[in-house]
Amino acid sequence: MTDVIGAPADVLHTLFHSEQGGHEQVVLCQDRATGLKAVIALHSTALGPALGGTRFYPYPSEEDAVADALNLARGMSYKNALAGLDHGGGKAVIIGDPDQIKTEELLLAYGRFVASLGGRYMTACDVGTYVADMDVVARTCRWTTGRSPENGGAGDSSVLTAFGVYQGMRASAQHLWGDPSLRGRRVGIAGVGKVGHHLVAHLVAEGAEVVVTDVREDAVERLLRRHPVGVRAVADTEALIRVDGLDVYAPCALGGALDDASVPVLTARVVCGAANNQLAHPGVEKDLADRGILYAPDYVVNAGGVIQVADELHGFDFGRCQEKAARIFDTTLGIFARAKGDGIPPAAAADRIAEQRMAEARAAR
């Protein structure tokens with residue numbers, strides 16, 4: 001394990017100087033015996049030990065992996081702050097295709113690296129990692145959440161993540177149309193994997209018209225078999241964002257979905273989805289506002305999962321977690337009200353509220 005010293009110059013500049021920086025610690029991990037290469041990024045521990053998932057993904061380069069870890073960790077600081085949790089923000093990424101290199105030995109080695117941080121970082125599931133993986137990691141690291149009920153955990157956190165996004169959609173509808181109901185609304189969902197397929201179920205149950213796409217055709221096929229009425233599929237995200245009469249667009253795959261190419265052609269009036277870091281770069285939130293598109297900040301509405309894994313650390317109770325996740329509705333409405341009052345986009349308003357809570361915690365120390 002090495003510190004970030006020795007990382008590429010552009011990564012160091014991001015860490016120490018850019019607006020996206022301010023991270024407390026970044027650790028590069030390597031275990032040659034298992035092929036593990038990982039990055040653990042701690043953005044802030046002002047509110048408590050950093051909490052965030054482990055992403056397992058075939059990044060184009062190690063620099064891309066570090067940059068993603070930095071962005072994701074920062075997002076977790078803000079997410080945990082607005083979710084009312086006594087946790088800071090951290091994130092880890094394992095470099096590689098999980099279908100090709102994930103092994104029990106690799107996960108055990110990863111757990112040892114997390115454990116070496118002594119509780120400053122608590123990990124959980126993310127893209128490419130699952131409950132069964134966290135059960136393995138927990139064998140070498142007691143600071144592991146998202147485990148199976150059989151191993152003292154809460155199980156799949158995607159259930160409450162989807163529930164929270166659904167509450168964010170309802171709040172968006174309330175703010176924009178004066179009614180939280182999504183019945184009859186046309187909702188486009190990009191990505192129907194761990195979170196997306198649960199979100200579809202909520203929407204179908206309420207009577208929404210759902211349009212989906214996913215890079216994995218088998219995921220779409222399973223979803224259409226499960227919901228033969230009320231759901232249809234399109235070829236790709238490019239087609240989805242151009243669907244006529246789209247009321248809500250829900251990015252539920254990887255980040256960067258909202259960029260200079262997609263925003264000008266997006267037909268939806270609302271963007272509210274589960275993906276992290278949906279804004280490709282600073283300024284996209286203003287582009288959305290200029291087009292009259294209401295953006296529900298991703299790290300606010302997708303906090304249901306982290307609410308669940310945080311609760312697992314204190315003895316999991318699903319009812320208690322669902323009650324906390326339901327408050328995402330009120331939190332989202334509060335952000336929209338703050339944005340309107342301050343004359344700023346919702347993303348900026350959410351940042352201000354989160355930063356205020358973190359600053360107050362630092363001052364109290």
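Does A50 satisfy the criteria of being closer than 22 Å to D156 by Cα, assigned by TED's automatic domain parsing to the domain that holds V127, crowded, with 24+ Cβ neighbours inside 10 Å and in contact with a Leu (Cβ under 7 Å, 6 or more places away or on another chain)?
yes
Within the stretch 345-365, how many residues turn out to be surrounded by fewer than 13 Cβ atoms within 10 Å (Cβ to Cβ), of a type in the set (A, V, I, L, M) and either touching a helix residue (DSSP H, G or I) at 6+ places or on another chain (Cβ under 9 Å) or farther than 25 Å from A46 by Cα (or both)?
Qualifying residue count for the region: 0.
Could we say that V127 is within 27 Å of G319 (Cβ to Cβ) and at pLDDT below 95 here?
no
Residue by residue, here is whether (1) outside the structural domain of H175 (by TED's automatic domain parsing); (2) modelled with pLDDT of 95 or more; (3) hydroxyl-bearing (S, T, Y) holds:
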{"site": "H197", "(1), (2), (3)": "no, yes, no"}
{"site": "T213", "(1), (2), (3)": "no, yes, yes"}
{"site": "D244", "(1), (2), (3)": "no, yes, no"}
{"site": "G256", "(1), (2), (3)": "no, no, no"}
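Which residues, counting only those in the stretch 235-259, are of a type outside the set (S, T, Y) and not in a loop (DSSP other than H, G, I, E, B)? Steps first, please.
We begin by selecting, within the stretch 235-259, every residue of a type outside the set (S, T, Y); these are 235-236, 238-248, 250-259.
Result: E238, A239, L240, V248, A250, P251, L258.
For residues in the stretch 131-147 being in contact (Cβ under 8 Å) with a residue 60 or more places away in the chain and outside any helix (DSSP H, G or I), which is farthest from G193 (Cα to Cα)?
Among those residues, the one meeting the criterion is W143.
Listed residues D290, D317, D342, D298; which is surrounded by 20 or more Cβ atoms within 10 Å (Cβ to Cβ), of a type in the set (D, E, K, R) and not assigned by TED's automatic domain parsing to the domain that holds R55? Give the derivation first.
Details: D290 fails: surrounded by 20 or more Cβ atoms within 10 Å (Cβ to Cβ); D317 fails: surrounded by 20 or more Cβ atoms within 10 Å (Cβ to Cβ); D342 fails: surrounded by 20 or more Cβ atoms within 10 Å (Cβ to Cβ).
After ruling out the rest, the residue left standing is D298.
Which one of these does T123 not meet: (1) in contact with a Cys (Cβ under 9 Å, 6 or more places away or on another chain); (2) under 22 Å from L246 (Cβ atoms); (3) crowded, with 24+ Cβ neighbours inside 10 Å; (4) not aliphatic (A, V, I, L, M)?
(2)
The values are calculated or read from the model by the stated rules, or taken from the named source; none is laboratory data. Note that this is a predicted model, so its numbers are computed, not measured. So basically every Cβ, Gly included, is an ideal-geometry build from the backbone, and we count neighbours across all protein chains shown.
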